[in-house]
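In what follows, a single structure is set out as structure tokens and then discussed.
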Amino acid sequence: MRGTVRTRIRVARLRRLLVGLLALVTAATATACSATDEQPRIVVTTNILGDITRQVVGDQAEVTVLMKPDADPHSFGLSAVQAAQLERADLVVFNGLGLEENVLRHVDAAREAGVATFEVGRAVDPLTFHAGDDGGPEGESGRPDPHFWTDPDRVRTAAGLIADRVSEHVTGVDHDAIRANAAEYDEQLADLTAFMEKSFDRVPEDRRNLVTNHHVFGYLADRFGFRVIGAVIPSGTTLASPSSSDLRSLTRAMERAGVRTVFADSSRPKRLAEVLSTELGDGVRVVELYSESLTAENEGAATYLQMMRANTTAMTDGLTVGSPKGTHS
């Protein structure tokens, strides 16, 4: 009887030992599989392009966005870890045309290391800055304008091209899923364009004049029939500074055009726009827009679509306040 009990104990112990060994083997196998089945990596410089890329890629790849919410694309920099991420990526997506001024050298280094890169701004028929009556930035005439995302139709082109580059350069993705994501997002962007057209139709012709913190809405103006009167910072970058003569020239242009609304970037201090408001008197309104960066979740512009809809509403309201009834274009 005692022998039978001892045998049963030995069998039970052996069974537990085998179960434990099986668990260890299973865990090791899972770890090995996860190491070999790691998702492909796509690194994107700006958060606006990051959102667009994520809409196209979906769950087919890991998308890392370098620029934090509410950052300035002209001045944000990279840590050593982020710079290393660029060189380990399967594809780097960047705006280009000089926008990410402190990051482009790292993109160049990744390209030299053999990483596939895609400069989106250069591929969507960029406009050029031009000085003149429309308030283009002096000293930058003829240079390409990097702010293409203010035209949703160019973003539709960009999204399709990103899908193409992902399919071409990133192995391990489902090409049909990428195409389906791109098609769905294209429909959403088409709806955005229709919303913007309908909203801007409310703005009378004599009020379709824009003054902003710096020159960022040239594409929107070109697409939807606005005139850019000028900018507080007379440049395509926030790294420049206005002089007193710049402000005097702008105030005179605003007075000639009857402009009483200044649109200021919500991610930048409004001090300069408020100074301009002081120059022209209390009748000038300063309206915040999300122009160059997305926000964190639940702060008004966490996605490109949210940003553009919020801007459209703010611009339409800012340019129609006080309009005589019935004066629509």
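How many residues does region 150-206 hold that are open to solvent by less than 10 Å² (accessible area, probe 1.4 Å) and aromatic (Phe, Trp, Tyr)?
Qualifying residue count for the region: 2.
Can you pull out every residue in region 207-224 that is assigned to a helix (DSSP H, G or I) and open to solvent by less than 50 Å² (accessible area, probe 1.4 Å)?
Of region 207-224, the ones assigned to a helix (DSSP H, G or I) are 207, 218-224.
Residues satisfying the conditions are 218, 219, 220, 221, 224.
So which pairs qualify, if the first residue must be in region 162-186 and without any contact (Cβ under 8 Å) to a residue 40 or more places away in the chain and closer than 14 Å to residue 61 by Cα, the second must be surrounded by 13 or more Cβ atoms within 10 Å (Cβ to Cβ) and among the small types (Gly, Ala, Ser), the Cβ gap must be under 6 Å, and the two must be at least 6 apart or on different chains?
Here the result reads 175/167, each pair linking region 162-186 to a residue that is surrounded by 13 or more Cβ atoms within 10 Å (Cβ to Cβ) and among the small types (Gly, Ala, Ser).
Restricting to region 74-98, give me the number of residues that are in a loop (DSSP other than H, G, I, E, B) and over 11 Å from residue 114 (Cα atoms).
Qualifying residue count for the region: 10.
Would you confirm, using the coordinates I've provided, whether residue 285 is surrounded by fewer than 17 Cβ atoms within 10 Å (Cβ to Cβ), in contact with a strand residue (DSSP E or B) (Cβ under 7 Å, 6 or more places away or on another chain) and modelled with pLDDT of 80 or more?
yes
Please enumerate the residues belonging to region 186-206 that are of a type in the set (Val, Ile, Thr) and either in contact with a His (Cβ under 9 Å, 6 or more places away or on another chain) or assigned to a strand (DSSP E or B) (or both).
203
Residues are listed down the side, and each one gets a yes or a no for (1) surrounded by 22 or more Cβ atoms within 10 Å (Cβ to Cβ); (2) closer than 22 Å to residue 213 by Cα; (3) at pLDDT below 95; (4) not basic (Lys, Arg):
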position: 53; (1), (2), (3), (4): yes, no, no, yes
position: 74; (1), (2), (3), (4): no, yes, yes, yes
position: 78; (1), (2), (3), (4): no, no, yes, yes
position: 94; (1), (2), (3), (4): yes, no, no, yes
position: 101; (1), (2), (3), (4): no, yes, yes, yes
position: 111; (1), (2), (3), (4): no, no, no, no
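Pairs under 7 Å by beta carbon, first residue surrounded by fewer than 20 Cβ atoms within 10 Å (Cβ to Cβ) in region 248-261, partner among the hydrophobic types (A, V, I, L, M, F, W, C) and not in a helix (DSSP H, G or I), six or more apart or different chains?
From region 248-261, the pairs are 253/229; 257/229.
The values are calculated or read from the model by the stated rules, or taken from the named source; none is laboratory data. For clarity, every value in this text was computed on a predicted model and none was experimentally measured. We place every Cβ from the backbone using ideal geometry, glycine too, and count neighbours over all the protein chains shown. For the accessible areas, the whole protein counts, side chains as well, though only heavy atoms, and no ligand, DNA or RNA atoms are used. Shrake-Rupley method; radii C 1.70, N 1.55, O 1.52, S 1.80 Å.
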